[in-house]
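As structure tokens, the structure follows; a few thoughts come after it.
Please treat every number below as a calculation from the coordinates, not as lab data. As the structure is a prediction and not an experimental result, all values here were calculated from the model. With ideal geometry, Cβ positions are generated from the backbone for all residues, glycine too; neighbour counts draw on all protein chains shown.
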Amino acid sequence: MASRKAYAYYLRGKQLALIEQDSVLGDGQTLTPPGLNDVGPDGSQLWKSPITAVTDGLEIEYVYSPRYRIDQAATTVACDRYTNSNGLLKIVDAGNGLPTSGVTHIVIDGSEKWNGLHTVNTLNAGYTILETKYNGGSVTEAFTVYTDVDVLNDESDEIDLPEYLAKALIYYVKAKIAEDERDMGAKDLLMKEFYAIIEKHESSKIWGARMIAPGPNAIR
């Protein structure tokens, strides 16, 4: 007998994790899909990494907007190892390609554990110590480091937003100003406009035909 499967997901930075409900009845049918907050200590509603193979019919499209930009002509360095340096993450480059000055942030890509933005603690020839906490041993792993990174860190930075979303940002800032002034009516109205623009922008990413159902009192 075929069984229905319930899936959910959660986000962590630019990573998306897919989880599957692992709770079935005696006949193999899954229970009614629960909410993520329904998970209890008795295991009646349990979510895990996917427990069965999915050969077709499952597709995920996910877009992540980071708080940094990598220059189009960014310098990339191939690193081959990371280790611990007084409780901080130390990345090692046997080819001495890592910069020794002028870099405050880097982006790691291709690592099993350290992908993303990191703040630089110390620059040296052949290795870089980051502000990232790490107390493990030396691990041999090939990954790429981007060194030309523009980080959003003060008011002079340019926010890389599409023009349409820039309008939403204006509504959001005005709503926060209204909230500070305790004008909750204006705040609610501005946030309504903010969410309307966000919803339209997200809806524009959906592929396929659109259908509009007539209202209950519409002329048929």
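Using R₀ = 25 Å, calculate the FRET efficiency as 1/(1 + (r/R₀)^6) where r is the Cβ-Cβ separation of residue 10 and residue 54; round to 0.05.
With a Förster radius of 25 Å, E is 0.90.
What FRET efficiency comes out for the pair residue 113/residue 75, r = Cβ-Cβ distance, R0 = 25 Å, nearest 0.05?
Step by step, r from the Cβ atoms, then E = 0.65.
5 Å is the cut-off here: which amide hydrogens, built 1.01 Å from N in the peptide plane, fall below it relative to residue 5, excluding neighbours closer than 5 in sequence?
Excluding prolines and chain starts, which carry no amide H, there are no hits.
Could you calculate the contour length gain from residue 151 to residue 68, that is, 0.36 nm times the residue separation minus the distance between their Cα atoms, to one decimal place in nm?
29.4 nm
Arrange 76, 140 by Cβ neighbour counts within 10 Å, fewest through most, would you?
Going from least to most buried by this count: 140, 76.
Measuring from centroid to centroid over Cα atoms, what is the spacing of region 172-192 and region 81-158 in Å?
Their Cα centres are 40 Å away from one another.
Rounded, prolate or oblate, given the Cα gyration tensor of region 68-151, with a/c below 1.5 counting as rounded?
rounded
Counting other C-beta atoms within 10 Å, which of 111, 138 has the fewest, and how do the rest follow?
Final ranking by Cβ density, sparse to dense: 138, 111.
Taking the number of other C-beta atoms within 10 Å as the exposure measure, put 101, 203 in order starting with the fewest.
101, 203
Mind scanning 5/48; 113/133; 167/187 and naming the pairs with a C-alpha gap bigger than 21 Å?
Table pairs above 21 Å Cα-Cα: there are none.
How far apart, in nm, are the 7 Å Cα→Cβ label points at residue 144 and residue 83?
Output for this residue pair reads 2.6 nm.
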